[in-house]
Amino acid sequence: LENLQPEIKELAQRLRYEVSVRGKQLGWSEKVARSHFARNMRRLVAELYVRDNCHPFKATLLLWVQVPMWVCVSLALRNCSVGALGSAVQEQFASGGALWFTDLTAPDSTWILPVSLGLVNLLVVEV
């Protein structure tokens, strides 16, 4: 989308000129000329999006999937850690860890997991 901006600006200038010339020829009011400009500009931009296969909705698609997924996973982990699913799950979390975190219900005193998770998320965002 960002790469198309110079081309869109150029098309807008050319279209604005063409609409003003045509509007003077046909005696259009300013409102009618703006309407023709907007309609044709939308059509031209849509053609550019199709040509370069870069519709703006594609940029937000990940957001529409990732945010609900993050909320569901966060709520599920919270429910598991506070024992909302039953004492059997709480006991499994208390004894089911690995490496330096043997108790999954206790906070990570070494801060290895929170820091590594933050760094991985930063890497994903930057890449």
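Under 30 Å from VAL125 (Cα atoms), over 25 Å from the mean Cα position of the chain (by Cα) and touching a residue at least 12 places away in the same chain (Cβ under 8 Å), is that true of PHE101? Judged against the criteria, PHE101 is a match. Taking the criterion of being open to solvent by 70 Å² or more (accessible area, probe 1.4 Å), farther than 14 Å from ARG39 by Cα and of a type in the set (D, E, K, R), the residues of segment 1-19 that qualify are GLU2, LYS9, GLU10, ARG14. As a summary of the residue check, VAL71 satisfies the conditions (1) at pLDDT below 90; (2) assigned to a helix (DSSP H, G or I); (3) within 30 Å of LEU117 (Cα to Cα) except for the one numbered (1).
Conditions tested, residue by residue: (1) under 30 Å from GLU2 (Cα atoms); (2) surrounded by 11 or more Cβ atoms within 10 Å (Cβ to Cβ).
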{"site": "CYS54", "(1), (2)": "yes, yes"}
{"site": "LEU62", "(1), (2)": "yes, no"}
{"site": "MET69", "(1), (2)": "yes, no"}
{"site": "ALA76", "(1), (2)": "no, yes"}
{"site": "VAL115", "(1), (2)": "no, yes"}
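The values are calculated or read from the model by the stated rules, or taken from the named source; none is laboratory data. No experiment lies behind these values; they were computed from the predicted model shown. Please note: Cβ atoms are built from the backbone with ideal geometry, for glycine as well, and neighbour counts cover all protein chains shown. What goes into the accessible areas is simple: the full protein's heavy atoms, side chains included, and nothing from ligands, DNA or RNA. Shrake-Rupley method; radii C 1.70, N 1.55, O 1.52, S 1.80 Å.
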